[in-house]
Every structure is written in structure tokens, then in C-alpha cells.
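The values are calculated or read from the model by the stated rules, or taken from the named source; none is laboratory data. The structure displayed is predicted, hence computed values, not measured ones. All Cβ positions, even for glycine, are placed from backbone atoms using ideal geometry, and neighbour counts span all protein chains on display.
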Amino acid sequence: MERLPSRLRCPRVRSGKSGQLQNPAGIYLIRAMAFRVLQERAKTFLTILLFLGCLPCKVICETGDCRQQEFRDDSGNCVLCKPCGPGMELSKECGFGYGEDAQCVTCRPHRFKEDWGFQKCKSCLDCALLNRFQKANCSVTSDAVCGDCLPGFYRKTKLVGFQDMECVPCGDPPPPYEPHCTSKVNLVKIASTASSPRDTALAAVICSALATVLLALLILCVIYCKRQFMEKKPSCEFAVLHSFSLFE
């Protein structure tokens with residue numbers, strides 16, 4: 001290892017028997033090097049923070065201050081999203097500057113919507129899962145209507161006087177105060193409208209594909225914003241250079 005010339009070396013002065021290093025110049029040099037390392041790390045950290053802060057610049061410039069139920073048209077104005085009537089919902093999310101091409105479409109199977117508005121269709125009530133008879137089927141404009149409990153089931157009454165939606169088994173022995181549990185009749189329960197395993201698997205595949213597409217779009221967005229930051233964002237570069245000068 002090459003040794004420094006004697007004129008560049010820090011003189012060592014040892015005191016007495018302890019042998020401790022008494023060199024103010026060396027201590028100052030160590031402190032200066034440590035401060036320099038901390039300064040470089042602070043610059044790097046601040047650069048990352050400024051870069052992350054500039055990422056939403058493009059989104060903010062495009063969407064502006066459009067509200068929750070507004071989208072930005074070709075002229076740059078915030079326009080109210082299109083309300084849909086009963087039995088219909090928007091084909092995509094609309095609001096905060098996005099959704100200009102959203103259209104009203106019919107509710108999907110086993111979903112309904114009763115009123116006009118921006119809200120989405122809701123899932124239909126499944127009387128079979130509640131152990132109750134079904135009095136009326138679900139349509140795109142109205143929910144299913146459930147009747148009494150199936151034989152061998154009853155609805156618990158809460159302290160405030162309301163009853164639960166779901167019917168529970170009577171048990172053995174059954175509650176003596178529940179008329180539905182006094183006699184048991186073997187009746188076949190109505191078929192459930194729950195999704196089949198095949199539909200569930202198809203939904204899982206679609207969700208995985210959508211997640212992959214969203215991840216790819218996110219990566220492209222980050223690359224685009226980085227390129228904008230490097231080429232077309234002088235304000236951000238000035239902020240970074242100004243922050244560096246603070247540490248000089």
C-alpha cells in the first residue's frame with residue numbers, strides 16, 4: 001500500500017502511558033469526511049423525494065380539479081358524468097377527470113338498480129343463503145323478496161325488537177317460543193343463485209389478467225414520467241439543483 005508523503009501525514013501526539021491519540025487535525029478530518037458522506041446521502045434522499053413528488057404533476061395537469069362525479073372533455077372543461085336510469089350503470093369508472101367515454105349499460109346478471117344516479121348496480125338478495133322462501137325473483141330494477149323461514153329454521157329477535165335477515169336452525173331441542181320450530185317438514189330448499197365453480201375460475205383468470213395489465217400500465221407511466229422529468233420538466237430540475245446548492 002502506497003504511503004503518503006510525510007508532509008501530508010497528520011502528526012500523531014501520544015500522551016504519557018495511556019497511548020491515546022491526541023491529534024485535533026486528525027479528528028477534524030474524520031468529522032469532515034463523515035459530514036461529507038451524510039451530505040451525499042441527504043442529496044440522494046432529497047432527489048428521490050423530488051422525483052416522487054413530480055410523478056403526479058402530469059396527472060394533476062391533465063385532470064385539474066374535477067370533482068368526484070366529473071370528467072374532463074376535449075376542451076379541458078369539467079363535465080358531470082352521465083347518470084344512468086334504473087337497471088343500468090356506467091360501463092367504467094367516471095370522476096376526478098376520467099371516464100369521458102363511459103356509457104350506460106344494463107346491470108349484469110343477479111344485480112339490480114332501482115333509482116336514477118351514478119351509483120353502481122347492487123347484488124341481488126339470495127333467499128336460499130338466508131334459509132328463507134323466495135316470494136319474488138330479482139330483476140335489473142328490483143331486488144328479490146324473501147318470505148318466511150324454511151321449516152326447521154327461525155329468525156332471532158334482537159333486543160330492539162328487529163329480527164335478523166338470516167334464519168338459523170332450530171337446534172335440538174328447539175326453542176319453545178318459536179312457532180317455526182314446533183314442527184319439521186321435509187321440503188327441498190330453493191336453488192341458490194351463487195356462482196358456479198366454473199364462473200369463479202373464469203373470474204379469477206380475468207382478475208389476474210387485469211392485474212397484469214394494470215401493472216404494465218403503471219410501469220409505463222413511471223417510465224413516461226421519468227422521461228418527462230428528465231427532458232420536459234425544467235422546474236423540477238431547478239428544484240433539484242437548488243436543493244443540492246443548499247448542502248454546499
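Here are the numbers for this structure:
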{"item": "Cβ-Cβ under 9 Å pairs, at least 6 apart or on other chains, segment 207-219 side closer than 17 Å to residue 92 by Cα, far side exposed (fewer than 10 other Cβ atoms within 10 Å of the Cβ)", "result": "none"}
{"item": "Inter-residue pairs, beta-carbon under 7 Å, first without any contact (Cβ under 8 Å) to a residue 60 or more places away in the chain and surrounded by 18 or more Cβ atoms within 10 Å (Cβ to Cβ) and in segment 93-104, second outside any strand (DSSP E or B) and small (Gly, Ala, Ser), 6+ apart", "result": "94/102; 97/64; 102/91"}
{"item": "Residues of segment 139-153 classified as touching a residue at least 40 places away in the same chain (Cβ under 8 Å) and either buried (at least 18 other Cβ atoms within 10 Å of the Cβ) or among the hydrophobic types (A, V, I, L, M, F, W, C) (or both), total", "result": "1"}
{"item": "Segment 123-138, subset touching a residue at least 12 places away in the same chain (Cβ under 8 Å) and of a type in the set (S, T, N, Q), residue farthest from residue 168 (Cα to Cα)", "result": "123"}
{"item": "Candidate set: segment 60-81, residues that are part of a loop (DSSP other than H, G, I, E, B) and within 24 Å of the chain's Cα centre (by Cα); chosen: the one farthest from residue 124 (Cα to Cα)", "result": "64"}
{"item": "Test: residue 195 is under 30 Å from residue 84 (Cβ atoms), modelled with pLDDT under 85 and in a loop (DSSP other than H, G, I, E, B)", "result": "yes"}
{"item": "Filtered residues of segment 92-108 (kept if under 18 Å from the mean Cα position of the chain (by Cα), assigned to a strand (DSSP E or B) and not small (Gly, Ala, Ser))", "result": "98"}
